Amino acid sequence: MQYRRFFDAAIGQLKNERRYRFFANLERDTSDVPRAIHRADDGTEREVTIWCSNDYLGMGRHPETIEAMCETAKKLGVGAGGTRNISGTNNPLVELEAELADLHGKEAALVFTSGWISNLASISTIADLMPNCLILSDALNHNSMIEGIKRASSERKLWRHNDLAHLEELLAAEPKERPKLIVFESLYSMDGDIAPIGAIADLAEKYNAMTYIDEVHAVGMYGPRGGGVCERDGVMDRIDVIEGTLAKGFGTLGGYIAGDSAVIDAVRSYAPSFIFTTALPPAVAAAACTAVRVLKQRPDLREKHQRQAALTKHALEAAGLPVLDNPSHIVPVMVCDAEKCKAASDLLMERHGIYIQPINYPTVARGAERLRITPTPLHSDALIADLVDALVDVWKTLDLPFVESKIDASSVEAHCAYPDFRKAAE
C-alpha cells in the first residue's frame, strides 16, 4: 500500500482551503527587539519587525533572564536528566514553583513543560478525581483546555462565551452536591476580551462548583505584581486553580498550575503527562524564576506595554482599519477571508519588512480570519506609525474594506458576513 497518498491528500486539503501554515525562519536580535533577521527558503536574508510575538514584555531578551539561564547551564548543565520522580527535580525548578505559588497567593504550584500540557494534564486529572464530576466549559476555551476536557471521563457541557445567564442555567439544573468544575480563561487571546471573573466566582460559590482559570495571556502583564487579571481584579483568592504559562509574559518556556496544596499534590501524583515527562531543564527554570521575580517589581513595564497597545489600537482605528475592540493588549485586525489574510501577511513581509502571521481556521472560525497584532513595550511610536502606513497600503492593494467605527463582538458577524463567528470552539 502507498501510505504517502493519505498524507499528500491531507496536506492538499489544507492548501486548497488556504489554511496551510508556513513557518517563518526568524532570528531575533536581543539587542534590537522587536527586530529580527528573516531567512527565506532561497537563502536570502533581510531585517524585519515582528508584530505578533507572544513574548509580550520582551522578557526573553532581558539581561537578568539571560544571565540566569547561562550561569545555571554552566553550573548544572542543559538538561534535567530525568522525570520529576527520577532525578529530574532540580533546585531551580523547586524555587520556581515556590515563586509562582507566591505570585498567585496559593499554597503550592506545579510546573509542566508547556502551558498546553499543564491544561491537558490538570483539567483531566482534577475532573477524574471527583466522582460524577460535571465540567462546564466556556465555548471559546483554548484547544489545550478542550483537549484536557476531552481526555477526562467526566460529563461536559459548553456554556456560551462569557454568558453568565447560560452558565447559571446549567449550574442550577444540577444537584448542589454534584462535583462541578467551571473551566474558563481570563483573557481570550484571539478576541482580546476578558471574562467576568468575579461574577463567575459568585456563581461557583452559589452552586458549589470548583473554578479553574487559564491566565496564560495575562500573567506578567496585569496586576500590581504581574499575577494576571485575577490579581488586578482582586479575585485570586476566589479561584481554586490558576493556570499560567512561562512562555509569554515571562518570555521563557513551560506551564504551571497554582492552588490548594492538596489539589496540586493530587495532580502531581496522578497525571500521566506529568509523571512520565522529563522535567524542565534547570537553566530554563532559573531563567523563568528570574523573569517572575523581575516582573513582580516592574509595574513600569506593564504600564509601558499597555500604553503601546492602546496607542497601536488608536492609530489603526484612526486610519479606518477594522480593529476588534477589546479592553486588553491584543489587537485583532479583521480580514474575514483566509486567502486575503495570507496575502495581507505576505505583502506586509515583502513590501514593508513587517512580520504578522495570519490567523485562520481552526484557531478562529472560518470567516473570522485576522491579523493578530501584539505590541510590546519595545515597539516605539515610530514603529507604530510605520505599521499603520504599511497596513493601509496592504488594505488598498487587496481592496479590503475600511471602517468608520470600532468593531466589537456584537458587530463583527455583520462585518465579516459570517452567520455566527463565535462558535469556533463548538
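The values are calculated or read from the model by the stated rules, or taken from the named source; none is laboratory data. None of the values given here were measured: they were computed from a predicted structure. Neighbour counts run over all protein chains shown; Cβ positions are idealised from the backbone, glycine included. Each accessible area value is taken on the protein alone, full model and side chains, heavy atoms only, with ligands, DNA and RNA left out. Shrake-Rupley method; radii C 1.70, N 1.55, O 1.52, S 1.80 Å.
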What's the long-distance tail for region 359-411, i.e. % of Cα pairs beyond 15 Å?
-> 66 percent
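Report the full-extension gain for the segment Ser261 to Arg46: residue separation times 0.36 nm, less the Cα-Cα distance, to one decimal in nm. Each step should come with its number before you reach the end.
Numbers: separation 215, 0.36 × 215 = 77.40 nm, distance 5.00 nm.
Value of the extension gain: 72.4 nm.
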In the chain, what cysteines have no partner Cβ closer than 4.7 Å?
-> Cys52, Cys70, Cys133, Cys230, Cys289, Cys341
What spacing in nm lies between the two simple spin-label points modelled at Asp381 and Gln2, each 7 Å away from Cα in the Cβ direction?
-> 6.2 nm
Per residue solvent-accessible surface (Å²) - region 272-317, probe of 1.4 Å | 39 Å²
Per residue, what volume in Å³ does the convex hull of the Cα atoms of region 267-327 enclose?
-> 176 Å³
Lysines within cross-link reach of Lys157: Cα-Cα under 17 Å, excluding same-chain residues under 8 positions apart?
-> Lys176, Lys180, Lys423
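Counting only protein heavy atoms and a 1.4 Å probe, tell me what percentage of the chain's accessible area is made up of carbon and sulfur.
Working: 9540 of 18480 Å².
Of all accessible area on the chain, carbon and sulfur atoms account for 52 percent.
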So what's the projected area for region 1-155, the Cα convex hull averaged over all directions, in nm²?
-> 16.0 nm²
At q = 0.10, 0.14, 0.24 Å⁻¹, what is the log10 ratio I(q)/I(0) for region 145-237, with the Debye formula run over Cα points and no solvent?
-> -0.27, -0.53, -1.33
Please get the size of the charge dipole for region 1-138, origin at its Cα centre, with Cβ charges of +1 on Lys and Arg and -1 on Asp and Glu, quoted in debye to the nearest 20.
-> 700 debye
Excluding residues on the same chain fewer than 8 positions from Lys396, give the lysines whose Cα lies under 29 Å from its Cα.
-> Lys15, Lys313, Lys340, Lys342, Lys406
Give the accessible area for Ile37 in Å² (nearest 10); use a 1.4 Å probe, count only protein heavy atoms, and leave out ligands, DNA and RNA.
-> 50 Å²
Taking K and R as +1 and D and E as -1, what net charge do the other residues with C-beta under 9 Å from the C-beta of Pro332 add up to?
-> +1
Rounded to whole Å and ordered largest first, report the semi-axes of the equivalent ellipsoid of region 32-104 derived from its Cα gyration tensor (root of 5λ).
-> 32, 18, 12
Using the heavy atoms of the protein chains alone and a 1.4 angstrom probe, what is the accessible area of region 19-88 per residue in square angstrom?
-> 62 Å²
Please check which bits of region 120-138 a label hung off Lys157 would reach, taking the label as a point 7 Å along Cα-to-C-beta and the cut-off as backbone N under 14 Å.
-> 133-138
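For Asp102 and Ala319, compute 0.36 nm times the residue count separating them, minus their Cα-Cα distance, and round to one decimal in nm.
73.8 nm
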Based on the alpha carbon coordinates of region 232-313, what radius of gyration and maximum Cα-Cα distance (Dmax) apply, in Å?
-> 15.8, 46
Bins of 10 Å from zero: percent of alpha-carbon pairs in the chain = 4, 21, 30, 28, 15, 3, 0
